[in-house]
């Protein structure tokens, strides 16, 4: 029998489609769907026959367990009453997102249940599916064992043309990397697979890299970066040159810059005249935002809502770390071509934001 395909392109119609998918899962069916990394195949963990069917379908060794997809931290706490503190810290930092966390679990009677991997996706469709199913879901990637994970519904169907009960076509999984898998037992942490989250971000939890983003990278973002470096150095009690040794990096980039351009004349003038000591932007050169910059940053701060939306359209797994500078959600408009008075207001606004950001970064 041919696999049923549901195309979920209208989020307004999503609840009805997810309810149908949830019913299929509770009845022991197999459902493929997109996450923020790759497509996965879900099966109800409460249906042993369905779990066995999925192992056979993927040609996956029984010695290789499947991760469990959850809709929050509580299901993990229920199965792991003595959850290691390192695991809690990673969940708070990266969930929902591209992290699979492997921890020791217990049965209801308190006996050892072995290691289980848990994942809380940031993709809204994946979250909705977990909630609609109402039962624990085991969700490996949608591919034959040893083959590359599928990132589109067509790729899923190419590997499994008629073996699945349902494929939810929610468009391409924007990020072609699988989740990063981390095992924690007691105080021991090990990265089993480096994926969408770089290993260094897992192993250096106290490292902070703030990346400011605007359009041209000649006014707003370089001034914001300079002010935050200045504020961090003052807060910590070190020079700006020592910040990276203390675990802090601040940078800026633009979505559509003239690469290599200097900070604008008025921004350099404001940076020099409005602050004591002055903010030095003489060496700044505009650069275009890249995927590598985004993945290295622990916090990405945009000046406008449209800039945030543009980034998240390609990197939805960074939804927690990509934010607006204004806490009320207002845009910080480009001052280019306007009066010095406008630049002075911008400088005061960015300076106030730098104080708040530094306070949230420094313990």
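The values are calculated or read from the model by the stated rules, or taken from the named source; none is laboratory data. From a predicted model like this one, the values you see are computed outputs, not experimental measurements. So basically every Cβ, Gly included, is an ideal-geometry build from the backbone, and we count neighbours across all protein chains shown.
Tabulated results
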{"quantity": "Single residue of region 203-230 satisfying the filter (crowded, with 24+ Cβ neighbours inside 10 Å and without any contact (Cβ under 8 Å) to a residue 60 or more places away in the chain) that is farthest from residue 301 (Cα to Cα)", "calculated": "226"}
{"quantity": "Condition check for residue 156: assigned by TED's automatic domain parsing to the domain that holds residue 183 and buried (at least 20 other Cβ atoms within 10 Å of the Cβ)", "calculated": "yes"}
{"quantity": "Residue within region 255-263 that is buried (at least 20 other Cβ atoms within 10 Å of the Cβ), out of contact with any strand residue (DSSP E or B) (no Cβ under 9 Å at 6 or more places or on another chain) and either assigned by TED's automatic domain parsing to the domain that holds residue 226 or at pLDDT below 95 (or both) present", "calculated": "yes"}
{"quantity": "Boolean, residue 72 is surrounded by 14 or more Cβ atoms within 10 Å (Cβ to Cβ), modelled with pLDDT of 90 or more and within 27 Å of residue 151 (Cβ to Cβ)", "calculated": "no"}
{"quantity": "Yes/no for residue 301 being closer than 16 Å to residue 228 by Cβ and in the same structural domain as residue 219 (by TED's automatic domain parsing)", "calculated": "yes"}
{"quantity": "Positions within region 18-66 being over 21 Å from residue 143 (Cβ atoms) and surrounded by fewer than 22 Cβ atoms within 10 Å (Cβ to Cβ), in sequence order", "calculated": "19, 20, 23, 26, 27, 28, 46, 47, 48, 49"}
{"quantity": "Scope region 297-309; condition surrounded by 16 or more Cβ atoms within 10 Å (Cβ to Cβ) and outside any strand (DSSP E or B); matching residues", "calculated": "297, 298, 303, 304, 307, 308"}
{"quantity": "Any hit, region 324-333, residues being at pLDDT 95 or above, surrounded by fewer than 20 Cβ atoms within 10 Å (Cβ to Cβ) and either in the same structural domain as residue 93 (by TED's automatic domain parsing) or in a helix (DSSP H, G or I) (or both)", "calculated": "no"}
{"quantity": "Among residues of region 226-248, those that are modelled with pLDDT under 95, assigned to a helix (DSSP H, G or I) and within 26 Å of the chain's Cα centre (by Cα), counted", "calculated": "3"}
{"quantity": "Those residues of region 334-363 which are in a loop (DSSP other than H, G, I, E, B) and more than 14 Å from residue 212 (Cβ to Cβ), in sequence order", "calculated": "335, 336, 337, 338, 339, 362, 363"}
{"quantity": "Close pairs (8 angstrom Cβ cut-off, 6 or more residues apart or separate chains): over 18 Å from residue 227 (Cβ atoms) in region 241-252, in a strand (DSSP E or B) anywhere", "calculated": "247/208"}
{"quantity": "Set 98, 111: member being closer than 21 Å to residue 65 by Cα, at pLDDT below 90 and surrounded by fewer than 17 Cβ atoms within 10 Å (Cβ to Cβ)", "calculated": "111"}
{"quantity": "Some residue of region 269-276 being closer than 22 Å to residue 218 by Cβ and either in contact with a strand residue (DSSP E or B) (Cβ under 7 Å, 6 or more places away or on another chain) or in a loop (DSSP other than H, G, I, E, B) (or both)", "calculated": "yes"}
{"quantity": "Unique match (being modelled with pLDDT of 95 or more and within 25 Å of the chain's Cα centre (by Cα)) among 251, 179", "calculated": "251"}
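Residue by residue, here is whether (1) more than 30 Å from residue 204 (Cβ to Cβ); (2) more than 22 Å from the chain's Cα centre (by Cα) holds:
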site: 298; (1), (2): no, no
site: 302; (1), (2): no, no
site: 307; (1), (2): no, no
site: 313; (1), (2): no, no
site: 344; (1), (2): yes, yes
site: 348; (1), (2): yes, yes
site: 352; (1), (2): no, yes
